[in-house]
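To start, the structure itself, in structure tokens.
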Amino acid sequence: MTLSTTPLNRKQFPMKLQVAMDVLTTADALALAGKVAPYVDIIELGTPLIKAEGLRAVTAIKEAHPDKIVFADLKTMDAGELEADIAFTAGADLVTVLGTAGDSTIVGAVAAAAKHNKGIVVDLIGVADKVTRAREVITLGAVFVEMHAGLDEQAEAGFSLDTLLSAGATAQVPFSLAGGVSVATIAAVQQAGASVAVAGGAIYGAADPAAAAAELRAAIS
């Protein structure tokens, strides 16, 4: 599935649901994806999974679910064109580059995406001024940005999803939101204008991941 057939403009299309699979083996990823695929649009292979198993995990998921958008969360910081090209060749449809990377790294990754007719997502984890950087990287060719609070940040005292929601709504660019998406918060994510809601623990940490994914899907209007 190419990006040309999967629009991500929230103003015209319903918000998409992305599952972030923070498991550590390809077997576990395939098992989880098999349960939740009917309810999600995008299947993300988390950074720990790719580090543990390599890009063969991306290939395995794409072969098992060719109708889904497969998201390789590389969090690239350097060698953007090279790393993105390797991931796209392995079967990824979307690849992440960190927003703290230099513009040249993002431009290089975007060049690789253009060659494969795929897309680059810029992850704004750790970026202080998410609104300004979001606007900058969209002009560089990112298909959308990820307003992201990592697991460590979510565990810190005082963390609030409202900060991400506000940044997404203010930036006025296509964005996904990751970090605390659940049944209780997904309506607010949609109201903020997100193109994609990214659910990790709310799905893979549930006793019944398929039921959890189905419930999230049903909450998207």
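The values are calculated or read from the model by the stated rules, or taken from the named source; none is laboratory data. Please read these numbers as outputs of a predicted model, since none were measured by experiment. Cβ placement follows ideal geometry from the backbone for every residue including glycine, while neighbour counts extend to all protein chains displayed.
Please work out which residue is surrounded by the most Cβ atoms within 10 Å (Cβ to Cβ), limiting yourself to the stretch 102-131 and to residues that are small (Gly, Ala, Ser) and closer than 24 Å to THR163 by Cβ.
Filtering the stretch 102-131 down to residues small (Gly, Ala, Ser) leaves 102, 104, 108-109, 111-114, 119, 126, 128.
Those still in the list that are closer than 24 Å to THR163 by Cβ too: 126, 128.
On the way: GLY126: 14, ALA128: 8.
My answer is GLY126.
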Next item on the list: Confirm whether SER176 is closer than 18 Å to ILE43 by Cα, polar (S, T, N, Q), modelled with pLDDT of 95 or more and in contact with a helix residue (DSSP H, G or I) (Cβ under 9 Å, 6 or more places away or on another chain).
Entry: yes
Note to self: Being closer than 20 Å to ALA72 by Cβ and either in a strand (DSSP E or B) or hydroxyl-bearing (Ser, Thr, Tyr) (or both) is the filter here; which residues of the stretch 102-134 pass it?
What the structure shows: THR105, GLY119, ILE120, VAL121, VAL122, ASP123
Next item on the list: Can you run down the residue pairs with Cβ atoms below 6 Å, 6 or more apart or on separate chains, where the first is in the stretch 77-106 and closer than 20 Å to ARG56 by Cβ and the partner is of a type in the set (Val, Ile, Thr) and surrounded by fewer than 20 Cβ atoms within 10 Å (Cβ to Cβ)?
Entry: ALA90/THR59; GLY91/THR59
